[in-house]
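Heads up: the structure comes next, in structure tokens.
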Amino acid sequence: MDPADPPATPGIRVVTVPYADPYVDAVLPEDVVAVGPGTGPSPWLDPGYLAAHAGGVDVVHLHDGYGHLPEDEVVSWTETLRRTGVPLVLTVHQLRDPRQSTRRRHDAHLEALLATAEVVLTLTPGAADEIAARFGRTAIVVAHPSIAEPVPGLGAERGLVGLPLRAPCAALPDPAMLVRAALSGAVNGGGRLRVFLDDGVEAPPVFAAGDSLEYRPRKADSWTAQLQELHAVVLPECNGTHSAELEVCRDVGTRVVAPSCGWFAHQWSDVVTYDNDEERGLDPVSLDAAVAAALTRPAPRPADRAWRTEQRAAVRAVHAQVYAQVVADRTR
């Protein structure tokens, strides 16, 4: 947006999908009116609901929450947006949805949404370049703002590496291979490995001597604290584009070992990468080396809170300008 564009005036009514989550809450300008309801999946994704309530909103801002819809329903929804005249703002968080087994559905969703959006946002220069190359749209790059604060008085254990294992899916390489490679890297770097298991996920059969490997449940309500206790954490997915967990680690001072897929290293320069993508799969030797390398560096300091606060204010200002501009364009 042009810095000379007017800021959003109080009273602009914005539907966000989802209605609320840590990222949406962080970027939404304080002087706009967030339109509910807050239930999920959002009723605003239903073309009938959108048509019936379009007169009560000024902007629809789509972030996520549409991946379950068939392609034709997303096309129908975008056609309804055009008919009603409600401008669409789209933030592309994922160019490859790790929750889906193939690219096909998400690519079809993006094609329909990018053809309709008045303004496109994304989180990294690499993602913006990919959007331009694949879909012919220019995206405004806005940094991912802070979504967590360090837990006071909680320190990290030097040499402790974390690996979250969630339910098996197309984005997760073989769990035993992941654990073996991460464990080898942790031991080679003079540390040990802590594997976090989601509910219902069993520990893979990996032998480890002594206390070099332990398993713990991942606790959603204290995940920030669990990450803060680590020297480094491995992001295990073989596809995806950006990571909110990476930003939490940045906030609390935990080094991130990130896969080579997506644009994770564009989110934060202080990231160690390893080879893991959808085409070539996981390279366990690369993960071993990356974990060991991560432990040779001191753990990063938590992000400066004053700087993160300024960054969040700047991101909100961009959103305010975008909303003001699309509303002004609609009334011309």
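Which residues, counting only those in the range 252-296, are small (Gly, Ala, Ser) and within 26 Å of GLY155 (Cα to Cα)?
First, pick out the residues of the range 252-296 that are small (Gly, Ala, Ser): 253, 258, 260, 262, 265, 269, 281, 286, 289-290, 292-294.
Correct list: GLY253, ALA258, ALA265, SER269, ALA289, ALA290, ALA292, ALA293, ALA294.
Would a scan of the range 290-312 turn up a residue that is among the aromatic types (Phe, Trp, Tyr), in a helix (DSSP H, G or I), more than 21 Å from ASP25 (Cβ to Cβ) and out of contact with any Pro (no Cβ under 8 Å at 6 or more places or on another chain)? Spell out how you get there, then give the answer.
Residues of the range 290-312 among the aromatic types (Phe, Trp, Tyr): 307.
Pick out the ones that are also in a helix (DSSP H, G or I) and you get 307.
Then keep just the ones that are more than 21 Å from ASP25 (Cβ to Cβ); that gives none.
Within the range 290-312 (the criterion being among the aromatic types (Phe, Trp, Tyr), in a helix (DSSP H, G or I), more than 21 Å from ASP25 (Cβ to Cβ) and out of contact with any Pro (no Cβ under 8 Å at 6 or more places or on another chain)), the answer is no, since none of the residues qualifies.
Limited to the range 123-165, what total is found for residues that are out of contact with any Pro (no Cβ under 9 Å at 6 or more places or on another chain) and within 24 Å of THR224 (Cα to Cα)?
Taking the range 123-165 as the starting set, the residues that turn out to be out of contact with any Pro (no Cβ under 9 Å at 6 or more places or on another chain) are 123-140, 142-146, 151-157, 159-162.
Add one more test, that the residue is within 24 Å of THR224 (Cα to Cα), and what stays is 123-124, 142-146, 151-157, 159-162.
Here the count works out to 18.
Enumerate the pairs (first residue in the range 108-132 and over 25 Å from ARG316 (Cβ atoms); second residue anywhere and of a type in the set (Val, Ile, Thr) and part of a helix (DSSP H, G or I)) with beta-carbon separation below 8 Å, excluding pairs fewer than 6 apart on the same chain, so at least 6 apart or on different chains.
Between residues of the range 108-132 that are over 25 Å from ARG316 (Cβ atoms) and residues that are of a type in the set (Val, Ile, Thr) and part of a helix (DSSP H, G or I), the close pairs are ALA108/VAL74; HIS109/VAL74; ALA112/VAL74; ALA112/VAL75; ALA112/THR78; ALA115/THR78.
Answer with yes or no whether ALA265 is in a strand (DSSP E or B), within 28 Å of ALA139 (Cβ to Cβ) and under 18 Å from the mean Cα position of the chain (by Cα).
No; evaluated as a whole, the condition is false for this residue.
In the range 290-326, which residues are of a type in the set (Gly, Ala, Ser) and over 16 Å from HIS231 (Cβ atoms)? If you could, list the steps in order and put the result at the bottom.
Step one: of the range 290-326, the residues of a type in the set (Gly, Ala, Ser) are 290, 292-294, 299, 303, 306, 313-314, 317, 320, 324.
Residues satisfying the conditions are ALA303, ALA306, ALA313, ALA314, ALA317, ALA320, ALA324.
Pick out the one residue from LEU178, LEU183, LEU193 that is at pLDDT 95 or above, of a type in the set (A, V, I, L, M), in a strand (DSSP E or B) and closer than 27 Å to PRO98 by Cβ.
On the way: LEU178 fails: in a strand (DSSP E or B); LEU183 fails: in a strand (DSSP E or B).
Just one listed residue meets the conditions, LEU193.
Name the residue, out of GLU157, GLU229, GLU247, GLU214, that is farther than 30 Å from HIS106 by Cα, out of contact with any strand residue (DSSP E or B) (no Cβ under 8 Å at 6 or more places or on another chain), modelled with pLDDT of 95 or more and not polar (S, T, N, Q).
Working: GLU229 fails: out of contact with any strand residue (DSSP E or B) (no Cβ under 8 Å at 6 or more places or on another chain); GLU247 fails: farther than 30 Å from HIS106 by Cα; GLU214 fails: out of contact with any strand residue (DSSP E or B) (no Cβ under 8 Å at 6 or more places or on another chain).
None of the others qualify; the one that does is GLU157.
With crowded, with 17+ Cβ neighbours inside 10 Å and either in the same structural domain as TRP223 (by TED's automatic domain parsing) or modelled with pLDDT of 95 or more (or both) as the only criterion, which of VAL151, VAL60 stands out?
Numbers: VAL151 fails: crowded, with 17+ Cβ neighbours inside 10 Å.
When all the criteria are applied, what remains is VAL60.
Are there any pairs, at least 6 apart or on different chains, whose C-beta atoms fall under 6 Å, with the first in the range 178-190 and touching a residue at least 40 places away in the same chain (Cβ under 8 Å) and the second surrounded by 23 or more Cβ atoms within 10 Å (Cβ to Cβ) and assigned to a helix (DSSP H, G or I), and if so, which?
Filtered contacts from the range 178-190: ALA181/LEU287; ALA182/VAL291; GLY185/VAL291; ALA186/VAL291; GLY189/LEU295.
Listed here are the residues, each with its yes/no results for (1) under 22 Å from ALA244 (Cα atoms); (2) in a loop (DSSP other than H, G, I, E, B); (3) out of contact with any helix residue (DSSP H, G or I) (no Cβ under 6 Å at 6 or more places or on another chain).
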residue	(1), (2), (3)
GLY36	no, yes, yes
THR39	yes, yes, yes
GLY48	no, no, yes
ALA52	no, no, yes
HIS61	yes, no, yes
LEU69	no, yes, yes
ASP72	no, no, yes
SER76	no, no, no
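Among the residues in the range 168-177, are any under 21 Å from GLY210 (Cα atoms), assigned by TED's automatic domain parsing to the domain that holds ALA209 and touching a helix residue (DSSP H, G or I) at 6+ places or on another chain (Cβ under 7 Å)?
Yes, the range 168-177 has at least one match.
Looking at the range 235-254, is at least one residue on the phi < 0 side of the Ramachandran plot and part of a strand (DSSP E or B)? Write out each step before concluding.
From the range 235-254, those on the phi < 0 side of the Ramachandran plot are 235-239, 241-252, 254; that's our starting set.
Narrowing further to those that are part of a strand (DSSP E or B): none.
No, the range 235-254 has no match at all.
Which one is surrounded by the most Cβ atoms within 10 Å (Cβ to Cβ) among residues in the range 188-213 that are among the charged types (D, E, K, R) and over 25 Å from PRO152 (Cβ atoms)?
Initially, the range 188-213 is screened for residues among the charged types (D, E, K, R), giving 192, 194, 198-199, 202, 211.
Restricting the remaining residues to those that are over 25 Å from PRO152 (Cβ atoms) gives 192, 198-199, 202, 211.
Numbers: ARG192: 19, ASP198: 13, ASP199: 9, GLU202: 10, ASP211: 7.
Checking each candidate, the answer is ARG192.
The values are calculated or read from the model by the stated rules, or taken from the named source; none is laboratory data. On a predicted model such as this, the values are computed, not experimentally measured, just so you know. With ideal geometry, Cβ positions are generated from the backbone for all residues, glycine too; neighbour counts draw on all protein chains shown.
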